[in-house]
Amino acid sequence: MIRHGSRIIASTASALRVLPIAALLCCRAPVRANTAAPAFSVIAFFTAKEDQAHISFVREAERWFPAVAAKYHFRYDTTSNWQNLNAGFLSRYQVVVFLDTRPEDPAQRAAFQAYMEHGGGWMGFHFAGFALTPSVYPANWDWYHNTFIGAGSYVSNTWRPTSAILRVEDRAHPATRHLPATLRSSPSEWYRWEKDLRQNPDIDVLLSIDSTSFPLGTGPKPHEIWHSGYYPVVWTNRKFRMLYLNMGHNDIDYEHRYDATNRTLSYTLNNPIQDQLIIDALLWLGSRK
């Protein structure tokens, strides 16, 4: 099943069954549908089964992205069926988004790599870049983590999710053209990576954590609070049409301080300046320029 905006796309058989009714309605009322073709098409893959913070972000994205697509005239579909990650399905779309995870099946991985190597666009959020051995998501996809994203394995993170002052490092990139020199992010859990992206000539770091953010994190474990260091949070790989954002982890009331519902305490897509970064990145990915 594929979801288009807030509507579920029916199967061809179902569509044919309702055709006579649709034809009668068409004859009795003027057609008001917008027939303009979308500027480009986006397909977002998600899993939304593990960490409640990632599930919360996916649910937030389900509301936010369709509204942005309507405003900027592109098509936005979603699917949780990773078997759709194949050449035939991907040929319908100019941009692929990984909202919370990565593909695990070798055939799906090969299809995605071929898609990217032939000019497809990709945006990945937060946990889509995660790899750690041993874990449920081991570092077993060398091309994706080391060549494509370039960061290697996850090493550690801040805790709790907190906002940070981000510094724009490349203000000439289309994704950052509307950003100020620094901005305050939405709260997130920030990752430290195995590889220093500054040493990779293929990587263009767009935003990093500004030193005025330190100390960053509230703990309680000392290593969950950062006091210094270099931490990129948004970057592209010049050899591909891609952009990775470390945002996408909402704060959750795991301790049930307020009630027993695992209430969402913070959101990612409610920050106008950060939202503009995501919008401009999507428009750049979809333009193929």
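The values are calculated or read from the model by the stated rules, or taken from the named source; none is laboratory data. Given the structure is predicted, the values throughout are model-derived calculations rather than measurements. Positions of Cβ are generated from backbone atoms using ideal geometry, with glycine treated the same way; all protein chains shown enter the neighbour counts.
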> So which of Tyr267, Tyr254, Tyr230 is touching a strand residue (DSSP E or B) at 6+ places or on another chain (Cβ under 8 Å), hydroxyl-bearing (Ser, Thr, Tyr) and part of a loop (DSSP other than H, G, I, E, B)?
Replying inline: Tyr230
>> Pairs needed: first member in region 142-161, at positive phi; second member anywhere, hydrophobic (A, V, I, L, M, F, W, C); C-beta distance under 7 Å; at least 6 residues apart or different chains.
In response: Gly150/Leu197; Gly150/Ile203; Gly152/Trp193
>> Just to be sure before I move on: is Gly286 within 24 Å of Phe74 (Cα to Cα) and either touching a residue at least 60 places away in the same chain (Cβ under 8 Å) or of a type in the set (A, V, I, L, M) (or both) in the structure I sent?
In response: yes
>> When the residues of region 189-223 are narrowed to those that are part of a helix (DSSP H, G or I) and more than 23 Å from the chain's Cα centre (by Cα), which ends up surrounded by the most Cβ atoms within 10 Å (Cβ to Cβ)?
In response: Ser213
>> I'm trying to understand the selection: among the residues of region 201-231, which are among the polar types (S, T, N, Q) and over 20 Å from Pro174 (Cα atoms)?
In response: Ser211, Thr212, Ser213, Thr218, Ser228
> Can you name the condition, by its number, that Glu104 falls short on among (1) touching a residue at least 60 places away in the same chain (Cβ under 8 Å); (2) surrounded by fewer than 20 Cβ atoms within 10 Å (Cβ to Cβ)?
Replying inline: (1)
> Going by the conditions given, is Ser186 under 24 Å from Arg102 (Cα atoms), assigned to a strand (DSSP E or B), at pLDDT 95 or above and small (Gly, Ala, Ser)?
Replying inline: no
